[in-house]
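Presented below is the structure to which this report refers.
The values are calculated or read from the model by the stated rules, or taken from the named source; none is laboratory data. Keep in mind that this is a model prediction, so the values were computed, not measured. For neighbour counting, all protein chains shown are included, and Cβ atoms are generated from backbone atoms with ideal geometry for every residue, glycine included. We work out accessible area using only protein heavy atoms, side chains counted, and drop any ligands, DNA or RNA first. Shrake-Rupley method; radii C 1.70, N 1.55, O 1.52, S 1.80 Å.
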Amino acid sequence: NMKFFDLESPLMQILNKVADLMILNILTVVCCIPVITTGASLTAMHYVALKMARNEECYIARDFFKSFKLNFRQGTVIWLIELFIIAVLVGDFLIMSRMEMAFGSVLKVIITVIAFLALFTFIFVFPVLAKFENTVIRTVKNAFFIAVLQFPKAIVMMVLFVLPLPLFLFFPQITPIIFLFGLTVPAWLSAKMYSGYFRKLEEQIMAANAPEEGQSVREEGEDERIFKDELDEALVDDSHIG
């Protein structure tokens, strides 16, 4: 029976994972409260979630704040772009709902399609920012390319991240569970799905950027983001990666 509570037992590993996801979710929510820091917070969450999905050595708070600090500027810029798009779409939708327009229904369809494409792109933007160093524009473009190439996974990820909202609205009694796991469980399950694809991209980029003889190699275990400014071309050229 003591083996049941052994640190290496399946039960303890599950409990550890649950505790880590809970701590990560609370950190993410708290760091999203100032609103302006949401982008950096979500990026840091995805950074830690991918490490957890890969069972890599992970210190939740330390790794979270390392990524938060590293990606603060770009994460904030991307988040402000997202906020602007959301505000415009919601504003347009509200205006059309109050006005009797001949093309109202057509415009609603167009806005819905734009909203879908925005969510479709942004579902991958923070995971990409967390792992690949790039400009803001290229990060957004790469996120769109990856979402297209990983279309079924992108749709499942969208459902996972949107699902807590209807659950919260229809089952308010599970609010504490949503507060503790509503962001990180979708992020962890998503990381499980895209980890293999990211790994192939990482290997491809590392091979392309292998240091020449005589150049210093990064310290083992120093897992900063991977840099390749032409990642989007690599994606287009390498659409067979699955």
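Just a few scattered comments:
- Flag if Phe120 is without any contact (Cβ under 8 Å) to a residue 60 or more places away in the chain, among the aromatic types (Phe, Trp, Tyr), open to solvent by 70 Å² or more (accessible area, probe 1.4 Å) and farther than 18 Å from Phe181 by Cα: no
- Test: Ile26 is open to solvent by 50 Å² or more (accessible area, probe 1.4 Å), outside any helix (DSSP H, G or I) and modelled with pLDDT of 95 or more: no
For (1) farther than 17 Å from Thr38 by Cα; (2) buried (at least 17 other Cβ atoms within 10 Å of the Cβ), each residue gets a yes or a no:
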{"site": "Leu80", "(1), (2)": "no, no"}
{"site": "Met99", "(1), (2)": "yes, no"}
{"site": "Lys108", "(1), (2)": "yes, no"}
{"site": "Val113", "(1), (2)": "yes, no"}
{"site": "Phe126", "(1), (2)": "no, yes"}
{"site": "Glu133", "(1), (2)": "yes, yes"}
{"site": "Pro164", "(1), (2)": "yes, yes"}
{"site": "Phe170", "(1), (2)": "yes, no"}
{"site": "Gly182", "(1), (2)": "no, yes"}
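- Residue in segment 127-136 that is among the polar types (S, T, N, Q) and either more than 21 Å from Gly75 (Cα to Cα) or assigned to a helix (DSSP H, G or I) (or both) present: no
- Candidate set: segment 37-61, residues that are of a type in the set (A, V, I, L, M, F, W, C) and more than 20 Å from Phe161 (Cα to Cα); chosen: the one least open to solvent (accessible area, probe 1.4 Å): Ile60
- Flag if Phe145 is open to solvent by 80 Å² or more (accessible area, probe 1.4 Å) and at pLDDT 95 or above: no
- Matching option when the condition is of a type in the set (Phe, Trp, Tyr), more than 17 Å from the chain's Cα centre (by Cα) and under 20 Å from Phe161 (Cβ atoms), among Phe84, Phe68, Phe64: Phe84
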